[in-house]
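Data first, discussion second: the structure below is written as C-alpha cells.
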Amino acid sequence: MAFYAKAAWAFAFAALFLGVIQSRGLEAQTKTTPPAPIVRVGIETGNNPLSHTNAQGQPSGFLIDLIQAIAKERNLQPVVDYRPWDVLMGDFKAGKIDVLANLVFTSEHDNFADFSIAHLSLPGVIYIRKGDDSIRTAEDLRAKRFAAVPGSYSHDIAVKHGWGQNLFASTSPIDCLRRLDAGGVDAVIATRFSTETIIKEQNLTRIQPAPFAIGDIRFRYHLAVLRGQDQLLQELNTGLIALRNNGVYDDLYEKWISPLEPRKLRWTDFRPYQFPSIILILALLTAFWLQRRLLSRMRHQAAALKTSEERLTLALEGSQDAFWDWDIATNKVARSERWTLMLNHPELTDTGIEALDSLIHPDDLAHARHARELTQTQGHARTEYRIRDRNGRWLWILDRGKVVARDANGRPSRITGAATDITARKRIEEALGRSQALLEQSQRAAEIGGWEYDVATDQFYWTLQAFRIHDLDSEVVSPSLDLLFSLYKSTTESVIRNAFQNALKEGVSFDIELEMQTASQRPIWVRTIGRAEKNTTQVVRIYGSFQDITHRKKADEERQKLQAKMQEAQKLESLGVLAGGIAHDFNNLLTVIMGNASLAKENPNDVPAALHQIETATQRAADLCRQMLAYAGKGRTTMECIDLNTIVTDTTHLLRLSISKTAALE
C-alpha cells in the first residue's frame with residue numbers, strides 16, 4: 001500500500017512538472033523578449049536585513065532580492081545604487097535615480113514623488129538606553145536627544161511630534177543605534193524588525209524598547225518614482241502584484257522577514273507527515289471530486305476579485321481625490337486619508353455628514369447642503385465650495401456625490417462621492433479673469449482692439465474693442481476678412497487688401513492708417529497693424545491691432561490749420577517790418593536827393609557833384625524797388641553769371657532793415 005501511495009504521489013508531481021514545462025515552452029514560442037530597459041534603484045546602506053553588505057562585499061537583503069524579482073518579472077535591468085539615505089534622497093530629487101526603495105508616504109514626499117503599492121508594513125518602536133528611567137511617557141521625549149537619518153521617516157516623525165528640538169543627523173540606522181548604545185543620544189525611532197537584527201550583529205547591549213507605545217507610528221514602505229514617471233510606476237506595481245500572486249513574494253518574506261516577524265505555515269513544515277497524509281488526501285480528493293469545478297470557479301472569481309481590489313487600491317492611492325462613503329441610516333461618513341492630507345483634520349475620518357459644515361465658508365454652506373439634498377432626490381449632484389483647513393487657509397473643493405444603494409422603498413441608503421482640491425485652478429481662473437478685465441479696460445481706454453487670423457482654419461478673431469471700433473455687435477456678427485475690407489472706402493480698400501496679401505504670402509508686416517466707414521456709416525480713421533507668424537515654410541497666423549485714430553487725425557488737421565495761420569501772421573508781421581525798413585531806406589534816399597538838389601540851387605559850382613549824388617541815390621532806389629519786386633515774385637528773371645558775394649552783400653542791407661534793432665546780423 002505504501003508503495004502505491006508513493007508511486008501515485010510521484011506520478012502526480014511528474015505530471016505537474018511536465019505540464020509546467022510544456023506551458024512554459026509554449027509561452028517561450030509565442031513570446032519574444034524585448035531588450036530590458038535599465039532602471040537605477042537607490043537602496044539605503046546598513047538597514048539589515050532589508051539591505052546590507054554580505055561577506056563578498058555585495059549588496060544583499062530583502063530589498064535586493066525583491067528588486068531583482070520585479071525586474072525579472074517585468075523584463076527590466078536593475079542597477080543598484082547602494083549608499084547612505086541622505087545621498088540617495090538628493091540624487092533621487094535630482095533625477096539621477098529612477099526608483100527609491102523604502103520611501104514612506106508623507107505629505108512632504110508626495111510633493112515630488114509617486115508611490116507604488118506598499119511592499120512592507122512594519123510597526124515603529126521607540127528605543128531608549130537601558131536603565132533610563134527619565135523616559136516614561138511620550139511627553140518626556142520632547143527635551144531628549146534624538147538620532148535620525150535626515151529625510152527619513154524617523155526624522156519626519158520626530159519633527160511632527162515635537163521631538164526634534166535636539167535632533168542629531170546620522171548616516172544610517174546602524175549609526176543611530178550605535179550612538180544610542182554609546183550614550184550620545186537618548187532615543188531612536190525604528191522598526192523592531194531591523195533594530196533587533198542590528199543589535200544582534202553589532203553586539204549592542206545597552207538598548208531597550210521604551211515602556212510605552214505610539215500607535216500612529218507605522219513604516220509603510222513603498223517603491224517611489226519622481227512625479228510624472230507613470231510608465232515606470234505601472235511596471236513596478238504590476239511586478240509587485242505578480243510576485244504576490246505567484247508566491248515569490250511569500251518566499252522572499254519567509255527568507256528575510258520571518259525570522260523576526262510571524263510567518264505563515266508552508267508545506268515544508270508538514271514534510272515529515274507527507275506520506276501518512278497521502279491516504280487522507282486521496283480520500284478527500286475522492287469525496288470532493290464533484291466539487292472540483294465549483295472550487296475552480298471560486299478560485300478564478302477570488303483571483304479576479306483580488307486583482308480588481310488591487311487595481312482599485314492602486315487607483316485610490318494614485319488619485320488626488322478625497323473619497324467619502326455616507327451610510328444614511330447611521331449618518332456615519334467614512335472618509336479616505338486624503339481628507340486628512342488636504343485639511344489636516346484627522347478627527348474627520350469617521351464622523352457624521354454635518355462634520356464639515358463648521359469648516360465650510362458661510363457663503364457656500366447653503367450650496368453644499370443643497371447639493372446633498374439634490375443627491376438624494378436626483379441620484380447625483382456636484383458643487384463647489386470653500387473650506388478652511390487647520391492652518392486657516394481657504395481651499396476650493398469640487399465635491400461629487402452619487403447614490404449607490406437604496407432600501408426596499410427606493411429611498412437612498414448609501415451615497416459615495418469624491419472631492420478634489422481645485423484651489424490652484426480657481427486661482428488661475430481668478431487671475432485669468434482679472435487679466436482679461438484689465439486687457440479689456442486698457443483696450444477700451446486706448447481705443448485699441450486686437451485681432452488674429454488663423455490661416456489653416458480661415459478664422460478671424462476680434463476682441464470686444466475691435467467690434468466697438470467697427471460698430472459691430474459681437475453677439476450677432478462673426479468677423480471675416482471680406483467684412484473688414486467692405487468697410488473701407490473704394491480708394492483705401494485696395495491698400496488694406498494688398499497689405500494682407502503681402503503678409504499672407506511673404507510674411508511682410510504692415511502698419512497703415514486708412515479712412516473707413518463703420519457698420520453704422522460713421523466715418524473714422526483706423527490705424528491697422530499686422531504681424532505674420534511663420535513656421536519653417538509658410539505663414540500660419542497673422543495678428544495685430546486696430547486703433548481708432550479719428551481724434552488724432554482731427555487734432556492733426558486742427559494743428560496744421562493753426563500752424564498755417566501762425567505762419568501767415570508771421571509773414572504779415574515780417575512784411576510789416578520789411579515795409580518799415582524799406583520806407584526808412586526810401587526816406588534816407590529821398591533825403592539825399594532833396595539835400596543835393598538844395599545844394600545845387602544855392603551853389604552852382606556844386607551842381608555836378610550834387611547831380612552825381614542824386615543819380616547814385618536814384619539808382620539805389622531803383623535797386624531797392626527791384627529787390628522788392630523779386631521778394632514779391634513780380635520781378636523779371638534773366639539768365640546771367642553773377643557774383644554771389646555781391647548778391648549777398650546787397651541783400652544784407654535789405655535784411656538788416658527787416659530785423660530787430662536789438663539783433664546783430666553776421
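The values are calculated or read from the model by the stated rules, or taken from the named source; none is laboratory data. Everything numeric in this text was worked out from a predicted model, so none of it was measured. For neighbour counting, all protein chains shown are included, and Cβ atoms are generated from backbone atoms with ideal geometry for every residue, glycine included. Just so you know, the surface numbers come from the protein's heavy atoms only, side chains and all, with ligands and any DNA or RNA stripped out. Shrake-Rupley method; radii C 1.70, N 1.55, O 1.52, S 1.80 Å.
Things to note:
- Computed on the chain, with alpha-carbon pairs under 8 angstrom and 6+ residues apart, the relative contact order is 8 percent.
- Between GLN441 and THR491, the contour length at 0.36 nm per residue exceeds the Cα-Cα span by 14.7 nm.
- Only protein atoms count toward the accessible area here, which uses a 1.4 Å probe; on the range 482-587, the carbon and sulfur part of that area reaches 50 percent.
- Under 5 Å between amide hydrogens, built in the peptide plane, is the criterion, and for ALA381 it picks out GLY401 among residues at least 5 positions away or on other chains.
- Backbone phi angles across the range 424-438, fed through the Karplus curve with coefficients 6.51, -1.76 and 1.60 (θ = phi - 60°), yield HN-Hα couplings of 4, 5, 5, 5, 5, 5, 5, 5, 5, x, 5, 5, 5, 5, 5 Hz in residue order; Gly and Pro are listed as x.
- Residue-wise HN-Hα couplings along the range 403-412, as the Karplus relation 6.51 cos²θ - 1.76 cosθ + 1.60 with θ = phi - 60° gives them from phi, are 6, 10, 8, 10, 7, 5, 8, x, 7, x Hz; Gly and Pro carry x.
- The alpha carbon centroids of the range 461-540 and the range 209-229 are separated by 64 Å.
- Between 0 and 90°, nearest 10: helix 192-202 axis offset from the chain longest Cα axis: 80 degrees
- Degrees between helix 62-74 axis and first principal axis of the chain (Cα, 0 to 90, nearest 10): 70 degrees
- Computed from Cα positions, the angle between helix 490-506 and the longest principal axis of the chain comes to roughly 40 degrees.
- Whole-Hz ³J(HN,Hα) from phi, Karplus 6.51 cos²θ - 1.76 cosθ + 1.60, for the range 529-534, glycine and proline x: 10, x, 10, 9, 10, 10
- Gain on full stretching of the segment that runs from LYS554 to VAL477 - 0.36 nm per residue minus C-alpha separation: 24.8 nm
- Relative to its Kirkwood radius, the Cα radius of gyration of the chain gives an Rg/Rh of 1.34.
- Across q = 0.20, 0.21 Å⁻¹, the range 495-621 modelled as identical point scatterers on its alpha-carbon atoms has Debye log10 I(q)/I(0) values of -1.07, -1.11, in the order of the q list.
- Greater than 26 Å apart at Cα, pairs in LYS426/LYS534; LYS130/LYS255; LYS561/LYS661; LYS72/LYS96; LYS402/LYS426: LYS426/LYS534; LYS130/LYS255; LYS561/LYS661
- From largest to smallest, the equivalent ellipsoid semi-axes obtained for the range 370-505 from the alpha-carbon gyration tensor read 52, 20, 13 Å.
- The range 333-394-the range 172-194 distance, computed between alpha-carbon centres (Å): 43 Å
- Heavy atoms of ILE279 accessible to a 1.4 Å probe, total area in Å² rounded to 10: 100 Å²
- Modelled FRET efficiency - R0 45 Å, THR518 with ILE428, Cβ distances, 0.05 increments: 0.80
- Among the protein heavy atoms, those of PHE323 account for about 70 Å² of accessible surface (1.4 Å probe, every chain in place).
- Computed with a 1.4 Å probe over protein heavy atoms only, the accessible surface of the chain comes to 61 Å² per residue.
- Under a 5 Å amide H cut-off, with hydrogens placed 1.01 Å from N, LEU167 pairs with PHE146 among residues at least 5 apart or on other chains.
- A cut-off of 5 Å between modelled amide H atoms, ignoring neighbours fewer than 5 places along the same chain, links VAL79 with VAL39, ARG40, VAL41.
- Judged by the ratio a/c of the largest to the smallest principal axis of the C-alpha gyration tensor, the range 168-211 counts as rounded, that ratio being less than 1.5.
- In plain terms, the chain from LEU374 to CYS625 could stretch by 79.8 nm, reckoned as 0.36 nm per residue minus the Cα-Cα distance.
- Accessible-area value, HIS370, 1.4 Å probe, nucleic acids and ligands omitted, Å²: 100 Å²
- Split the accessible area of the range 70-112 by element, probe 1.4 Å, and carbon with sulfur accounts for 46%.
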